[in-house]
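Each remark here refers to the structure printed beneath this line.
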Amino acid sequence: MMSSISRLWKLLSLTLISCALTTSLLVLVFPSGLIFLIQNMQVRNTGAWNKFYHMRELATASARDVVKPNRDTLYSSAVIDLHNGPVVVYVPAFDKYWNVQMMDDRSDVFGYLGSRTHGKGHATAALLVPPGFTGDRTRLPIIEATSNKVWLVYRFLATTEEDLAAARKAQDQLELIPFADYLANE
């Protein structure tokens with residue numbers, strides 16, 4: 001009788017350990033795999049790294065480009081490769097709510113620009129630098145990335161037709177400027 005309970009206990013223990021290891025593996029691997037797929041899709045849609053993909057229409061209830069997009073928001077996104085150095089992230093003036101969420105290659109948010117922290121109605125720029133960057137500095141605010149591959153998601157609130165036109169105009173004026181080019185034109 002004891003050996004049956006002992007075997008059952010061993011089987012249960014091994015099952016629990018197996019589940020724990022599988023869960024741990026998913027927690028470690030899934031975010032990186034998801035970001036890898038997003039980055040490849042973005043590069044395929046835009047033709048290159050450091051280029052924008054714009055959603056030019058408001059999402060409908062059935063939209064699933066992101067988990068569940070806001071229906072009063074225009075989205076833009078870009079995947080950035082910082083292996084060649086820092087990039088200036090430029091957002092033009094926009095009078096409504098806006099933000100730029102910055103995620104690393106594990107989908108962890110490490111940086112943010114937005115109307116709540118930077119205000120509305122004026123242009124905003126920041127220098128996005130790779131991890132451990134020690135190069136030239138600038139008077140721009142510096143945001144240090146936690147990986148060399150970064151996903152930027154831009155949001156612009158649009159509750160009226162006028163807002164929608166202004167948000168599209170803002171999308172057209174977004175810029176990602178290699179730091180060397182920025183310094184040359186400063």
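The values are calculated or read from the model by the stated rules, or taken from the named source; none is laboratory data. This structure is a prediction, so every number in the text was calculated from the model and none was measured. Please note: Cβ atoms are built from the backbone with ideal geometry, for glycine as well, and neighbour counts cover all protein chains shown. For accessibility, only protein heavy atoms count, side chains too; no ligands or nucleic acids. Shrake-Rupley method; radii C 1.70, N 1.55, O 1.52, S 1.80 Å.
Let me have the 222 nm mean residue ellipticity of the chain computed from DSSP H runs of 4+ only, each contributing -39500 (n - 2.57), with the sum over all residues rounded to the nearest 500.
Result for the chain: -12500 deg cm²/dmol, rounded to the nearest 500.
A simple spin-label model places pseudo-atoms 7 Å from Cα toward Cβ; at MET41 and TRP9 they are separated by 4.9 nm. Only beta bridges with both residues in the chain are counted; by DSSP, about 90 percent of them are antiparallel. The Rg/Rh ratio for region 40-147 is 0.97, where Rg is the radius of gyration of the alpha carbons and Rh is the Kirkwood radius. Values (i) 21.7, 83; (ii) 14.8, 44; (iii) 16.3, 48 are given for comparison; Rg and Dmax of the Cα atoms in Å, derived from the coordinates here, is the one labelled (i). For region 98-186, the relative contact order is 30 percent, taking Cα pairs closer than 8 Å that sit 6 or more residues apart in sequence and dividing their mean separation by the residue count.
Once the Cα atoms are used to define both axes, helix 2-46 deviates from the longest principal axis of the chain by about 20 degrees.
Length gained on full extension, ASN84 to ALA20: 19.1 nm, using 0.36 nm per residue less the C-alpha separation. With a Förster radius of 35 Å applied to the beta-carbon distance between GLU161 and TYR112, the computed FRET efficiency rounds to 0.80. Need the list of lysines near LYS149 for cross-linking: C-alpha distance under 26 angstrom, and skip anything on the same chain fewer than eight residues off. Those lysines meeting the cut-off are LYS51, LYS68. The packing ranking, built from the mean of other Cβ atoms within 10 Å per residue, places the peptides 7-19, 72-84, 111-123 in the order 72-84, 111-123, 7-19, highest first. Counting only C-alpha contacts under 8 Å and six or more residues apart, can you give the relative contact order of region 33-186 as a whole percent? Relative contact order for region 33-186 comes out at 29 percent.
How much of the accessible area of the chain, in percent, comes from carbon and sulfur atoms when a 1.4 Å probe is used?
Ligands and nucleic acids excluded, carbon and sulfur give 59 percent.
Using a cutoff of 8 angstrom between alpha carbon atoms and counting only pairs six or more residues apart, the relative contact order for region 30-94 works out to 31 percent.
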